[in-house]
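The structure under discussion appears below in the form of structure tokens.
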Amino acid sequence: MVGRWQVEGAWGVDQLRWVEDAAPPEPGPGEVRLRLTAMSLNFRDLLMVTGRYNPSQPLPLVPGSDGVGVVEALGPGVAGWSVGERATPLFCVGWPGGRLPADAPRHALGGPLPGLLQTWRCLPAAALLRPPAHLSDAEVATLPCAAVTAWRALFTEGGLRPGQQVLVIGTGGVSLFATQLAVMAGARPILVTRRPEKAAAAAALGAEVIVAPSGGWGREVRARSGGGVDLVVEVGGAGTLSESLAAARPGGTIAIIGVLDGMDAHLSLIAVLMRGLRLQGVFVGSGEDHAALHAALRAHPTLRPVIGGHHPLSALPEALRALERAEHLGKLVIEAG
Ligand SMILES: NC(=O)c1ccc[n+]([C@@H]2O[C@H](COP(=O)([O-])OP(=O)(O)OC[C@H]3O[C@@H](n4cnc5c(N)ncnc54)[C@H](OP(=O)(O)O)[C@@H]3O)[C@@H](O)[C@H]2O)c1
């Protein structure tokens, strides 16, 4: 089976079609052709496939933000890569480093650019990194979107320091990476989950866990942290923002990342100004963030991505439905087979 998954005609998991490719694509000047070996799913991919991320995005679209593969061919002018090496693409192929460029969202894989849920993908050599050698393909494939976002929220934007307290919401990809990286940095994560059955696994990663199936946890986090957390990794969006505001200490930062519970939030400006809160938007991260994450993982080889399930590429629709049920911990991996 060689080819690609694409959303055709209309949005929806049911609109995904497998299209066979007769031959691999030829890499253009400066490009490398990867044969993908493992990918992972993000909530973003589900939003994209169901048309909730950007309904005006043209179809067909190959989804998939994250992956890793083997270099199979080099286009004209490519130096520094050899056939047979392992490589992982930046999620945002047009953002090597520095400040967020205004057009960064236009250079994201899996929408608007064709994604990685396919056999082959030609990409600019400058948008590829060598992953840490000790990580498996499945582990490397979990990093480009969720882990880089957690890295940027905690360190590049959040300036996290040892001893500080971090609130994370839920047990998905971004949140468990934020938990693990906070522990690595000597900070104290407090994690809120809706599901009691996930509490023990989250605690084993080093988080203090609060089980709260239906909200109302912001004040409890503030009390347990002795006056509020320094940083909130806010992945819930509309449904959790007021809790996050309540959980932060005066002068604390809310890293605005996700929309798991709605995109259009009511915001109490009084709470923000009276308590001097900082709202910091985070759009994944740059190549520099991705490389810094790799360096940290090389230095801390016991920090391994939490993989909550493996699915074959042939079963992508079922894997996306599993992601939506949110019964797993961490990341769902797609194996190319
Ligand atoms: N800004 C960016 O650059 C960026 C980058 C990556 C992701 N994101 C966004 O961040 C969010 C998380 O992404 P992800 O890929 O980590 O998601 P994910 O892996 O699918 O995480 C899902 C987990 O979040 C919790 N959850 C699900 N629905 C929820 C709800 N309605 N309210 C509260 N918690 C809920 C659940 O944990 P429990 O069962 O434990 O409660 C669930 O297991 C998404 O909105 C995604 O689009 C943004």
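Pull up all non-local amide H partners of I307: gap of 5 or more, or a different chain, and H-to-H distance under 5 Å with H placed in the peptide plane.
The answer is K331.
Viscosity 0.692 mPa s, temperature 37 °C: what is the translational diffusion coefficient of the stretch 25-184 from Stokes-Einstein with a Kirkwood Rh over Cα pairs, rounded to a whole number of µm²/s?
198
For the stretch 158-281, with the dipole built from +1 on Lys and Arg beta-carbon atoms and -1 on Asp and Glu ones, taken about the Cα centre, which of V233, V192, L273 lies farthest toward the positive end?
My answer, from the dipole projection, is L273.
Given the Cα-Cα distance of V211 and S242 and 0.36 nm per residue of separation, how much length would full extension add, in nm?
Additional length available on full extension: 9.4 nm.
Filter the GluC sites (Glu not before Pro) in the stretch 298-337 down to the DSSP loop ones having no more than 16 other Cβ atoms within 10 Å, then list what survives.
Sparse-neighbourhood loop GluC sites (Glu not before Pro): E327.
For the stretch 1-75 and the stretch 171-192, compute the distance between their C-alpha centroids and round to whole Å.
29
Given the Cα-Cα distance of A203 and R130 and 0.36 nm per residue of separation, how much length would full extension add, in nm?
Extending this stretch completely gives an extra 23.1 nm.
Report the Stokes-Einstein translational diffusion coefficient (µm² s⁻¹, integer) for the stretch 158-281, Rh taken as the Kirkwood radius over Cα pairs, at 25 °C with viscosity 0.890 mPa s.
175
At 7 Å along the Cα-to-beta-carbon direction for both A299 and A10, put a label point, then send me their distance in nm to one decimal.
5.2
Based on the alpha-carbon set only, what is the convex hull volume of the stretch 25-96 divided per residue, in Å³?
So the per-residue hull volume is 116 Å³.
Can you compute the equivalent ellipsoid semi-axes for the stretch 198-337, i.e. the square root of 5 times each eigenvalue of the Cα gyration tensor, sorted largest first and rounded to whole Å?
Equivalent ellipsoid semi-axes, largest first: 30, 19, 17 Å.
Give the ranking of E243, E197 by solvent-accessible surface, highest area first, calculated with a 1.4 Å probe.
E197, E243
Which order do the peptides 261-271, 45-55, 101-111 take when ranked by the mean count of other beta-carbon atoms within 10 Å per residue, highest first?
Put in order of decreasing packing, that is 45-55, 101-111, 261-271.
So what is the relative contact order for the stretch 158-281, in percent, with contacts set as C-alpha pairs under 8 Å and at least six apart?
Normalised by residue count, the contact order of the stretch 158-281 is 22 percent.
Would you kindly calculate the mean projected area, averaged across all directions, of the convex hull enclosing the Cα atoms of the stretch 69-127, in square nanometres?
The directionally averaged projection comes out at 4.5 nm².
Could you rank the peptides 79-87, 115-123 by their average count of other C-beta atoms within 10 Å per residue, with the highest value first?
115-123, 79-87
Let me understand the chain better: what is its radius of gyration from the alpha carbons, and its Dmax, in angstrom?
19.6, 62
Work out how much length R278 to R325 would gain on full extension: take 0.36 nm times their residue separation and subtract the Cα-Cα distance, in nm to one decimal.
Computed gain between R278 and R325 is 13.7 nm.
Binning every alpha carbon pair distance of the stretch 87-166 at 10 Å from zero, what are the percents per bin?
15, 45, 31, 8, 1
Over what distance in Å are the Cα centres of the stretch 241-272 and the stretch 279-337 separated?
25
Can you give me the relative contact order of the stretch 29-154 as a percent, contacts being Cα pairs under 8 Å and 6 or more apart?
36
Mean separation of Cα pairs under 8 Å and 6+ residues apart, divided by the residue count of the chain: what relative contact order is that in percent?
Relative contact order here is 18 percent.
The values are calculated or read from the model by the stated rules, or taken from the named source; none is laboratory data. The structure presented is a predicted model; accordingly, all values stated were derived computationally and were not measured. When we count neighbours, we look across all protein chains shown, and the Cβ atoms used for this are built from the backbone with ideal geometry, even at glycine. To get the accessible areas, we keep the full protein, side chains included, count just its heavy atoms, and leave off ligands, DNA and RNA. Shrake-Rupley method; radii C 1.70, N 1.55, O 1.52, S 1.80 Å.
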